Structure formats: structure tokens, C-alpha cells
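What follows is a set of notes on a single structure, which appears directly below.
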Amino acid sequence: MSSFFVAGGNLAPDAPCYVLRQADDALRAALQAREFSYVLDTRQVGKSSLMVRAAAQLRRDQVRVAILDLTGVGQNVSPEQWYSGLLAQLGAAIELEDALEDFCDSHPQLGPAQRFFAAIRDVALAAAPSPLTLFVDEIDAVRSLPFPTDEFFAGVRACYNRRSDDPELKRLTICLLGSATPDSLVRDARVTPFNIGQRIVPTDFTLLEARPLAEGFGDGGMHAIERILYWTDGHPYLTQRLCQAVAEVGHCDNGSVDRAVARLFFHESAREEETNLSFVQRRVLEGGDDVTALLDLYRRARRREIKEEPGSPLGAILKLSGIVRSVRGQLRVRNRIYARVFDEAWINRSIPDGERRRQRAAFLRGLLPTATVGLVGLAATGLLTFRSINAEKEATRSLNEVRRREQQWKQALEELANERASHSSADATLRQLAEDRLKFAQEENLELRQRLGIAPETDLRLR
């Protein structure tokens, strides 16, 4: 049933593999309240599919909807051509092409941005009493235009500021979507609309949210989803792509999932050939002026040594690339696939040559005197110390992994208990799976404590 899954591109509003998330409810509530909203995140996390589904719901509610795709307007254009292209898309969506064109022709004294927003107010809104919602997709395309676009964002902000004295504008709602940070889109902070709008965050799938995907496997589907999310941690594109590959094989056991992961993502040229991995690599290595500092920050995130700093440009670049995400105030590698593909060896290979040589020379300069003085002592105690340290590290890693699994299944059971009553077979299957996995994790935890000589009464509460 590989055709059940869709990896890449927009999902149709009624696609059976669409996974409902908290972002769906948040965006729908914001649009119904006519609030300005924006969805800015890395690529291939379901932003456009979220938009398409929200647009379909609005149309069912008798709201006029226009999706303006900035990549369809072009880049080598003048401001006049760019705003005219947006109006052409708007006119085609709400069947007002001629009226909008006539308005522009009759108001040559207005600048392109002023004419664009005036056409929305005096033609698009005036044509019908129903509300109008504009989705502006691929908003990051404005960064490649040969002219500044602060006027556009100032116009969006003005539409909301003027609602109090212009009731017609209360029927207009605008949602911006793209892969960018607000600071990279608007040069003048005084005109930004992002400090008055509502941000929508499309989080990765949880195990409970991913239940619809189990239908693509038939029997044993939830066990396959569990193993797939072990690798992807719910990343939307990676999850759909891996589901698709496993379904093509026809077996959904753990071994089949692991082999599919290796086949898709762990071969030598995967970073260049697989679209998502290629994007992440390019975004990290081309995302800023100081690649060495960026890679160092990522290295520290891999080692769990870095707290998220709001407003940090390097942190924003890493999050926008998708390679890390924020977890309880700290930057963490987004999933096990990324951790394996973009490992320490990749970091070392990616450091610019000059910086790598400088770091190696500094390391050797510091190493030589130390080696000369401490060689005898190191030879006497080094092997035992090495074994002791590594044994301790391995035990700590094992215990932390057991704790994590136990916490995961405790949380899954709590979320199931808090859901509204549902008696579907999928819910029953998931509940039984969660109970079995929790019991196994608890037994594994106890066994590991005993092997490590840790008393049962020792406080090992999960972090």
C-alpha cells in the first residue's frame, strides 16, 4: 500500500495519510478569528499541506480564499511586475481578473505597493460581503528579489492597524508561510507585522498523532509506526518517506524498517541525492558567514551542551535548516537519522580547510608538552582509566536510554487516558502496545539497575 503514503509535495485535504497536529487546530482557530498568522519553519515539515487543508475548511465555511505563491511571480522583475503578478493570482482565485486589472490601470498615480493593497480593499473586498483570506506561500522568496519588500510587510501590518477605523478590513485575513525568520524578511523592525500576529508552529508527529499512518500497513501497522518514529522522531517528510519505503517491501517488522532506513539515508551519496538531507546540508554549510562557528554550535548540540539563546542568529540558522529543534529550552539534534548522517566525521570534513588546519596546529602545540611530561604516568594508568571511563559512559548511556523509553510510554498512556472516549480498534491496539512497552521498559530498567549495582530504593526518577 505504498500509494497510501505521500512523500514530498502538498497532501490533498482528504489524503488518508494526512496527520492532524496541534498546528491544524491553532491555524484554524486563528483564521476563524480573522487574526493575522504566520507559519515560518524549515522545509518539508508540512507547512503547505497545513495551508491547503485550512483553505479547504474555509471554503466549506463560505470564506473566499486565494493562495498567492511567490515562486510563481518570478525573481527578475520590477516592483510593478511583482505586485501585478500577485494581483493576477488573486484575481484568478476569486474570479476578479478584469476588475483588478481595470483598477490598476485607472490608478497610475499610486505606487505598486499602495495600488496592490488599495485593489484588495476597493475591489476584492467590495465585490462580495463574504470574508476573504489570503495565504501568501513561499514568503522567503522575497529575499531573492532585486528590490526591498518592506513596503509589502508594512502594508500587511497597516491592514490590521486600520481595522478600528475601517470595518471593511475586518473581513480580510492574511497568513504568511515560508522557510525564513522574521528578521530575515523585514529590514525595518518598525514595519514588521510579525510582532502583532500569531505564530503557528508545525511540530513533528507524536505517536498518538501518527495513528492514521498505521492504516497503510494493515495488521501490525502500529508496531511499524513505532519503529519508524524511533528513527524519524516524527519528522513529517522523513516519516512519510520511510513509511512509503517499508510499505513497498511488504513487511513491517523492525528489521524491515531498519533496512529501509539504511537503504534510503545511510549510503555514501545520500547527503547529495536524498532531497531532505541535501537541503539540510546545504542550509547548514551555506547558511551564514561563519560556517565554523555554526558547525561548532551544532557539535555542542549533539553533545547536549547548549541552551537555546533567544535571538541567536546561529541558533536560528540551525533551526531553520531543520537539523536541530528546541527541546525544553535546549537545542537538540532533531532525530536519529540526522544524528547518524550529520555526525562528528561530517562536521570535521565540513570545517573550512584553513580553520581545520589552525585547530589541528593549536591542538598539537598543546599536546606535545603535555605528552612529554605525562607519558610515564599515562602508560602506567591509562588503560585502566580508559576502560573505567568508557564503562561508566556506556552504563550511563544505557540507563538514560532505558529511562527515556519508560518515560515515552508513560506519557503515551497518559495522553490516551486524557483523550476523549474512543473505542476504535486503533485506539485499543495503541493502548495495549503502550502498556506492553511500558512494562518491558520498567523490567529493563530494573534489570539494568541490578547489573550496575544500584539499589532499588535509589531515586532514579525520569528526567
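Every number in this text was worked out from the coordinates using simple rules, so none of it is lab data. Bear in mind that the values here come from a model prediction, so they are computed numbers and not experimental data. Positions of Cβ are generated from backbone atoms using ideal geometry, with glycine treated the same way; all protein chains shown enter the neighbour counts.
Cross-link partners for Lys439 among the lysines, with Cα-Cα distance under 19 Å and sequence neighbours closer than 8 places in the same chain left out: Lys410. Summing +1 for each Lys or Arg and -1 for each Asp or Glu, what net charge is found among the other residues whose Cβ lies under 15 Å from the Cβ of Leu40? Surrounding charge for Leu40 is +2. One Cα centroid belongs to region 124-170, the other to region 254-322; the line between them spans 34 Å.
Please give every one of the lysines within straight-line cross-link reach of Lys307, meaning a C-alpha to C-alpha distance under 24 Å, and leave out same-chain neighbours fewer than 8 residues apart. Counting by Cα, and skipping residues close in sequence, Lys307 has these lysines nearby: Lys319, Lys393. With a/c under 1.5 counting as rounded, go ahead and sort region 22-199 into rounded, prolate or oblate using the C-alpha gyration tensor (a ≥ b ≥ c being the square roots of the eigenvalues; past the cut-off, prolate if a/b is larger than b/c, else oblate). Verdict is rounded for region 22-199.
Each of Lys410, Lys439, Lys47 was scored by other Cβ atoms within 10 Å of its Cβ. Listed from fewest to most, they are Lys439, Lys410, Lys47.
Among the aspartates and glutamates, which have Cα under 14 Å from the Cα of Lys47 when same-chain residues fewer than 8 positions away are ignored? Reachable aspartates and glutamates: Asp24, Asp25, Asp69, Asp137, Glu138, Asp140, Asp204. Here the Karplus curve 6.51 cos²θ - 1.76 cosθ + 1.60, taken at θ = phi - 60°, turns the phi angles of region 229-241 into couplings of 5, 4, 7, 8, 6, x, 4, x, 5, 4, 5, 4, 5 Hz, with x standing for Gly and Pro. Counted by neighbouring Cβ atoms within 10 Å, the residues Asp41, Asp150, Asp183 run from fewest to most as Asp183, Asp150, Asp41. Answer rounded, prolate or oblate for region 12-74, using the Cα gyration tensor with square roots of eigenvalues a ≥ b ≥ c: rounded when a/c is under 1.5, else prolate when a/b is larger than b/c, else oblate. Because its axes are fairly even, with a/c under 1.5, region 12-74 counts as rounded. Put in line by how crowded their Cβ is, counting other Cβ atoms within 10 Å and starting with the fewest, Val201, Val284 read Val201, Val284.
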